[in-house]
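The values are calculated or read from the model by the stated rules, or taken from the named source; none is laboratory data. Note that the structure is a prediction, hence the values are computed from the model and not measured. When we count neighbours, we look across all protein chains shown, and the Cβ atoms used for this are built from the backbone with ideal geometry, even at glycine. All accessible areas refer to the heavy atoms of the entire protein, side chains included, with ligands and DNA or RNA removed. Shrake-Rupley method; radii C 1.70, N 1.55, O 1.52, S 1.80 Å.
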Amino acid sequence: MSWLFTPTLVLHISCGLAASVVGLAPILTRKGSRAHRLSGRVFAGLMATLLACAWLMTALKFSPYFLALSATATMTLFSGLRVLRRKRPDLHREDQARPLDWIVTSGVVGVGVWVLVLVVMGRTGTLAVVSSALAYGALVYGGWDLWRFARPTDWPFSPELWKYEHLTKMLGAYGAVLSAFSGNFLTFLPTPWSQLWPTILFQTVTMIWIAVLILSRRRRAAAAFA
């Protein structure tokens with residue numbers, strides 16, 4: 001089945017380049033608007049195709065780095081979309097995690113553990129640092145979701161939590177695309193920073209964005225009681 005690798009790689013790269021451009025639209029458009037939802041669906045479709053190709057290529061030519069990258073990107077995209085169905089688990093039982101959520105998330109956590117074992121065994125070569133970072137990312141995202149599945153209304157639940165999760169995970173998915181693009185095409189940057197800078201950038205943007213949203217919500221609440 002090695003003949004599948006080249007056409008799959010071409011499709012993978014094409015979707016990645018398109019997602020790098022299209023992914024800006026959901027970030028820049030007004031949240032909840034028709035443009036945001038439409039561009040988000042296009043981005044999700046491109047990412048789903050890209051990830052399907054990534055998993056197939058990883059199976060054909062195994063690489064712990066690509067395994068970790070595929071798992072982390074899958075987790076961010078899958079969870080970032082699925083959380084839109086879990087907005088109010090405190091009010092609606094159907095908003096709680098389904099078997100599919102448990103299966104995918106547990107699988108990603110398992111991949112994260114496996115990659116860390118490969119790092120310890122010296123099977124990741126010069127990509128040990130970035131492979132470890134991606135594996136820890138899979139464990140953090142997956143561990144958080146498993147906690148939310150098991151205790152959906154416990155701390156830090158709030159009616160707004162789904163927004164913060166959606167923002168964090170979709171920006172994480174976009175950052176994963178840029179990490180792959182940078183690592184493969186911006187070769188003038190030193191390793192592992194060529195793969196890590198998008199993750200660091202978008203994690204910083206995410207924290208600032210969520211902080212602004214929380215402060216804005218508190219100001220509105222204070223004004224309502226004034």
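Would you call residue 180 in contact with a Gly (Cβ under 9 Å, 6 or more places away or on another chain) and among the hydrophobic types (A, V, I, L, M, F, W, C)?
Working: in contact with a Gly (Cβ under 9 Å, 6 or more places away or on another chain): yes; among the hydrophobic types (A, V, I, L, M, F, W, C): yes.
Judged against the criteria, residue 180 is a match.
Being polar (S, T, N, Q) and over 22 Å from residue 155 (Cβ atoms) is the filter here; which residues of the stretch 84-121 pass it?
The first filter runs over the stretch 84-121 and keeps only residues polar (S, T, N, Q), leaving 96, 105-106.
Within the stretch 84-121, just 106 meets the criteria.
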Query raised in the report: Pick from the stretch 108-117 the residues that are open to solvent by 10 Å² or more (accessible area, probe 1.4 Å) and more than 15 Å from the chain's Cα centre (by Cα): which of them is farthest from residue 177 (Cα to Cα)?
Result: 117
Query raised in the report: Any chance the stretch 167-174 includes a residue that's of a type in the set (Lys, Arg) and open to solvent by less than 70 Å² (accessible area, probe 1.4 Å)?
Result: yes
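Take residue 176 and tell me if it is under 15 Å from the mean Cα position of the chain (by Cα), modelled with pLDDT under 95 and within 21 Å of residue 109 (Cβ to Cβ).
On the way: under 15 Å from the mean Cα position of the chain (by Cα): yes; modelled with pLDDT under 95: yes; within 21 Å of residue 109 (Cβ to Cβ): yes.
Spelling it out, residue 176 is indeed under 15 Å from the mean Cα position of the chain (by Cα), modelled with pLDDT under 95 and within 21 Å of residue 109 (Cβ to Cβ).
Please verify whether the stretch 123-139 includes one or more residues that are open to solvent by 60 Å² or more (accessible area, probe 1.4 Å), among the hydroxyl-bearing types (Ser, Thr, Tyr), out of contact with any Lys or Arg (no Cβ under 6 Å at 6 or more places or on another chain) and over 20 Å from residue 71 (Cα atoms). Outline the logic, then answer.
To start, the set of residues in the stretch 123-139 that are open to solvent by 60 Å² or more (accessible area, probe 1.4 Å) comprises 123, 126, 129, 136.
So of that shortlist, the ones also among the hydroxyl-bearing types (Ser, Thr, Tyr) come out as 126, 136.
Cutting the leftovers down to out of contact with any Lys or Arg (no Cβ under 6 Å at 6 or more places or on another chain) gives us 126, 136.
In the following step, the residues that additionally are over 20 Å from residue 71 (Cα atoms) were identified as none.
Within the stretch 123-139, not a single residue is open to solvent by 60 Å² or more (accessible area, probe 1.4 Å), among the hydroxyl-bearing types (Ser, Thr, Tyr), out of contact with any Lys or Arg (no Cβ under 6 Å at 6 or more places or on another chain) and over 20 Å from residue 71 (Cα atoms).
Within the stretch 96-106, take every residue that is touching a residue at least 24 places away in the same chain (Cβ under 8 Å) and out of contact with any Gly (no Cβ under 7 Å at 6 or more places or on another chain) and give me the one that is most open to solvent (accessible area, probe 1.4 Å).
102
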Query raised in the report: What are the pairs, 6+ residues apart or on separate chains, where a residue within the stretch 153-171 that is over 10 Å from residue 89 (Cα atoms) has its Cβ under 6 Å from a residue that is part of a helix (DSSP H, G or I) and of a type outside the set (Val, Ile, Thr)?
Result: 166/80; 169/79; 169/80; 170/80; 171/202
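Given the criteria under 23 Å from residue 78 (Cα atoms), free of Cβ contacts under 8 Å to residues at least 40 places away in the same chain and not acidic (Asp, Glu), does residue 144 qualify? Steps first, answer last, please.
Working: under 23 Å from residue 78 (Cα atoms): yes; free of Cβ contacts under 8 Å to residues at least 40 places away in the same chain: yes; not acidic (Asp, Glu): yes.
Spelling it out, residue 144 is indeed under 23 Å from residue 78 (Cα atoms), free of Cβ contacts under 8 Å to residues at least 40 places away in the same chain and not acidic (Asp, Glu).
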Query raised in the report: Taking the stretch 140-156 on its own, how many of its residues are open to solvent by 70 Å² or more (accessible area, probe 1.4 Å) and within 12 Å of the chain's Cα centre (by Cα)?
Result: 1
Requested in this report: May I ask you to say which residue of 82, 88 is more than 20 Å from residue 197 (Cα to Cα), touching a residue at least 40 places away in the same chain (Cβ under 8 Å) and surrounded by 14 or more Cβ atoms within 10 Å (Cβ to Cβ)?
Outcome: 88
